[in-house]
1. So for region 12-26 (the condition being modelled with pLDDT of 50 or more, out of contact with any Cys (no Cβ under 9 Å at 6 or more places or on another chain) and open to solvent by 50 Å² or more (accessible area, probe 1.4 Å)), does at least one residue qualify?
2. Would you be able to say whether some residue in region 31-53 is at pLDDT below 90, assigned to a helix (DSSP H, G or I) and crowded, with 19+ Cβ neighbours inside 10 Å?
3. Which numbered condition in (1) over 30 Å from T336 (Cα atoms); (2) open to solvent by 60 Å² or more (accessible area, probe 1.4 Å); (3) of a type outside the set (K, R); (4) modelled with pLDDT of 70 or more is the only one that F430 fails?
4. For region 64-88, give me the residue count where each residue is at pLDDT 80 or above, under 27 Å from D276 (Cβ atoms) and either open to solvent by 20 Å² or more (accessible area, probe 1.4 Å) or assigned to a loop (DSSP other than H, G, I, E, B) (or both).
5. What single numbered condition from (1) over 23 Å from the mean Cα position of the chain (by Cα); (2) surrounded by fewer than 18 Cβ atoms within 10 Å (Cβ to Cβ); (3) of a type outside the set (A, V, I, L, M); (4) in a helix (DSSP H, G or I) fails to hold for T256?
6. If a residue must be in contact with a helix residue (DSSP H, G or I) (Cβ under 6 Å, 6 or more places away or on another chain) and open to solvent by 20 Å² or more (accessible area, probe 1.4 Å), how many such residues does region 259-269 contain?
7. Is there a residue being exposed (fewer than 15 other Cβ atoms within 10 Å of the Cβ), touching a residue at least 40 places away in the same chain (Cβ under 8 Å) and under 21 Å from the mean Cα position of the chain (by Cα) anywhere in region 375-397?
8. Please verify whether R143 is modelled with pLDDT under 75 and either of a type in the set (K, R) or in contact with a Cys (Cβ under 8 Å, 6 or more places away or on another chain) (or both), treating the condition exactly as stated.
Amino acid sequence: MEDRISIIRWLDKLDAAIALEATSLRSIGAVLDRPCMNIVMFTNTFSPHVGGVAHSVASLSEMLRELGHAVLIVAPDYAEAARSESDILRVPAIQNFNGSDFSVPIPFTRSLEKTLNAFEPDVVHSHHPFLLGDTALRTAASRALPTIFTYHTRYELYGHYVAQDAPVLQRLVLSLAAGYCDLCDHIIAPTHSIADLLRHHDVTKPITTIPTGIDLARFADGDRLRLRSRLGIVETDFIVGHVGRLAPEKNLTYLTEAVCLFLLQNERAHFVVAGDGASASEMRRMLDEAGLQDRCHLLGVVEGADLADVYAAMDVFAFSSRSETQGLVLVEAMATGVPVVGLDEPGVREVVRTGKNGYLLSADASPGQFSKALARVRALTPPGRAALQEEARLTAASYSQSSTAQQTVDLYSHAVESHAGARATRTRSFEATLEGLKQEWRILANLANAVKDAVATRSDSTK
């Protein structure tokens, strides 16, 4: 009898333990909320190319993996790319297109379909509207998957890589990009300015503003004196800094002219630049002609912990680009506590607040006015400079990787749920092929409409 009572009590305890475990599992499920996903990303630029889009794709994919999701990146091959990479499919590409540092991918490859079949993606994330961007659309259509597109780049401002900034080409590229948005299911805009720009150009698909996040800890650990010591710059000297691709669309002739004016009026000041590109030689020429070569330091490409040291060495970050969608380097500088002087352009105005974390100048400000803003930062009292630095760090805190990655996951999940019905009904290869052909027609129609719009606008302007 006692044995029977003991067994009953033991079973009661087991039932209670099972009930507790079930409650715990339900709690964990509530926290996780949604299952992990397989995400395939298509990008025309990726490491070892150095640039905002490549960094954004790498940063987001890293955070998604940390959150438990699987990410496959489809990107162009580079001569310098590692021969052994996990979770990256390299496609053949034309190297150094038209003298630039870009590789142009050739999007037709036999290995892609096989890899995608093995990966079984749940969502497609496109990072460009051309080349591999079209491949992203085809992939999503044939598999009934949602397509998310991040509008990283002011494409119409990059026409000099193909022609000499021909207005017709600019209109064509902008029309193509806007039309591409409406071939996707949802658009991510890095800033409200870009979201407004897309709506102004009649994009009808939903747009969510999610900036690219940064690793705050990475930039908080920079050493202010290490780079200064290497370059022979004393601690009390003032450093104007810049980080980024040195390319024509970054408005670097203007920036160099402004910095030259500042340095000529401030003997104990230096210009430190991290980055490389087609504009580097022109910048060096201007600095040499001004006799400032001893106080200007063009470091080339800098990455990792060394980049944090570059930011930490600065007293002000100078930024004059008019082609940004976000201006990621602004946030990186602010994460190190460096105030910014920039022009009132998209991607900059969302970050820089005059008198708070730097100075935002009119978009048509002269190089002389930009130089005076740099001098204004130098003239600040220690408490005034400390206030700018603290506000800069607070601004950067709102761009943490974990926050922006979670916003992206929420968007993915909603898109996957919205496509569940279509995915369940498209089970036959014939249906998939038919939908792929329909999407191919839409892609061609977008191109035709863009050409028609560009030519029509040109005709109207010549009347």
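1. no
2. Yes, that holds for at least one residue.
3. F430 satisfies all of (1) over 30 Å from T336 (Cα atoms); (2) open to solvent by 60 Å² or more (accessible area, probe 1.4 Å); (3) of a type outside the set (K, R); (4) modelled with pLDDT of 70 or more except (4).
4. Step one: list which residues in region 64-88 are at pLDDT 80 or above, which gives 64-77, 86-88.
Add one more test, that the residue is under 27 Å from D276 (Cβ atoms), and what stays is 73-77, 88.
This time we only want the ones that are either open to solvent by 20 Å² or more (accessible area, probe 1.4 Å) or assigned to a loop (DSSP other than H, G, I, E, B) (or both), so: 77, 88.
The qualifying residues number 2.
5. (2)
6. Count: 1.
7. Within region 375-397 (the criterion being exposed (fewer than 15 other Cβ atoms within 10 Å of the Cβ), touching a residue at least 40 places away in the same chain (Cβ under 8 Å) and under 21 Å from the mean Cα position of the chain (by Cα)), the answer is yes, since at least one residue qualifies.
8. no
The values are calculated or read from the model by the stated rules, or taken from the named source; none is laboratory data. If you're wondering where the values come from, they're calculated on a predicted model, not measured in any experiment. Quick reminder, even Gly has a Cβ in these numbers, built from the backbone with ideal geometry, and neighbours come from all protein chains shown. The area values use the complete protein model at the heavy-atom level, side chains included, leaving out ligands, DNA and RNA. Shrake-Rupley method; radii C 1.70, N 1.55, O 1.52, S 1.80 Å.
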